[in-house]
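J.: Take this structure first; my questions come after.
Quick note: the coordinates plus some simple rules give every number you see, no bench work behind them. Nothing here was measured: the structure is a model prediction, and the numbers come from that model. All Cβ positions, even for glycine, are placed from backbone atoms using ideal geometry, and neighbour counts span all protein chains on display.
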Amino acid sequence: MNIPSRIPSTRRRLRLMPRRRARIQGQSFNRLIPNILTLLGLCAGLMAMRFALDERWEPAAGLIILAGAIDGLDGRLARLLKATSRFGAEFDSLADFLSFGVAPCMILYLWTMHDYRGLGFVPCVMFAVCMSLRLARFNAALDAGPVPLPGPPPKPAFAQSFFTGVPAPAGAVLAMFPVFASLAFQGWGWDGMAEAVRHPAFVGLLLIAVALALVSTLPTWSFKNFKVRREYVLPLLLSIGAYAALLVSEPWAALAAAGLIYCGMLPFSFRSYLRLKREADELVESSPAEETLGEETSGAEDTRFTPR
């Protein structure tokens, strides 16, 4: 009598064993999204220079704005996804230098500054150099692991909501103001005003002023911890809606107005910084006095209740 074996065959045993998938070594795709956005911003700056070589000023100016919008998203997205890294910070600075330091200079030089030849090239070089110095100052303030890089000391708590100098995207928008205004005036048929803002002397002086603002110590709002009072919420929302409508109907006029609005905000930013600094200094000065008074009061109480 043949008794079937209860031991399964090797083939059946291998078939019933669970398959193990090999783990892929590498980074999560979510951690690459900020670097991908930075790369897109870099490509936008390169494409802006390519359109400037073809004298297509409208797409060239629009790509600078696109690069600025991407620059505002990649850092916040990196912090949201917890994907911040030293590589990302360095890559972002290099992309910013090209998109906001080199591309605007090239566009403005090909647009009007080449009429002054060597003299027209000097403000462009000065703007690019100041942009690189600003970004280098920003990188010097970063920590490199356990050993910090030499750079400026950390900001006090009240200064965390302020940039030191005009940030790179805002500097590029201010430098491109003549292009935005000229395109808006041309659309309205104001050819005389368009030629006036296109004059190399006006563009050169503006480039020098913006370059100095980039490397200055002027405190400017970063809008990271910006709080709006309750009575100002509705007017702010209505203003944003009106600006959005203007941006759709007259984009170049809206972009030129954005530069003027930002310039108008700089004195208020400086005043706010001085007010917070004064309050912080008063708080620091009052703290030692309170500690001394507490020690004296404690000593008096000890003497009073000490048995003689």
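J.: Kirkwood Rh over Cα pairs of the range 187-292 into Stokes-Einstein at 4 °C, 1.567 mPa s: D in µm²/s?
T.: Value of D from the Cα-based Kirkwood radius: 73 µm²/s.
J.: Rank by packing, highest mean first: peptides 194-204, 276-286, 63-73, with packing defined as the count of other Cβ atoms within 10 Å averaged across residues. Please list the in-between numbers first.
T.: Values: 194-204: 17.4, 276-286: 11.5, 63-73: 20.7.
Top to bottom by mean Cβ count within 10 Å: 63-73, 194-204, 276-286.
J.: Assuming R0 = 25 Å, can you tell me the calculated FRET efficiency for the pair Val129 and Leu46, based on Cβ-Cβ distance, to the nearest 0.05?
T.: 0.80
J.: Give me the distance in nm between label points sitting 7 Å out from Cα along the Cα-to-Cβ direction at Leu205 and Arg117, one decimal.
T.: The modelled label-to-label distance comes out at 2.4 nm.
J.: Taking the Cα-to-Cβ direction at Leu39 and at Leu110 and moving 7 Å from each Cα, how far apart do the two end points lie in nm?
T.: Between Leu39 and Leu110, the label points sit 2.5 nm apart.
J.: Starting from the Cα-Cα distance between Glu195 and Leu80, subtract it from 0.36 nm times their residue separation and give me the gain in nm to one decimal.
T.: 36.9 nm
J.: Could you give me the radius of gyration and the Dmax of the range 180-243, taking only the C-alpha atoms into account and expressing both in angstrom?
T.: In order Rg, Dmax, the Cα atoms of the range 180-243 give 17.8, 45 Å.
J.: For the range 213-271, with equal point scatterers placed on the C-alpha atoms only and solvent neglected, what are the log10 I(q)/I(0) values from the Debye formula at q = 0.16, 0.19 1/Å, to two decimals?
T.: -0.68, -0.90
J.: Just subtract the alpha-carbon distance of Ser28 and Ser239 from 0.36 nm times their residue separation and send over the number in nm, one decimal.
T.: The Ser28-Ser239 span can extend by a further 71.9 nm.
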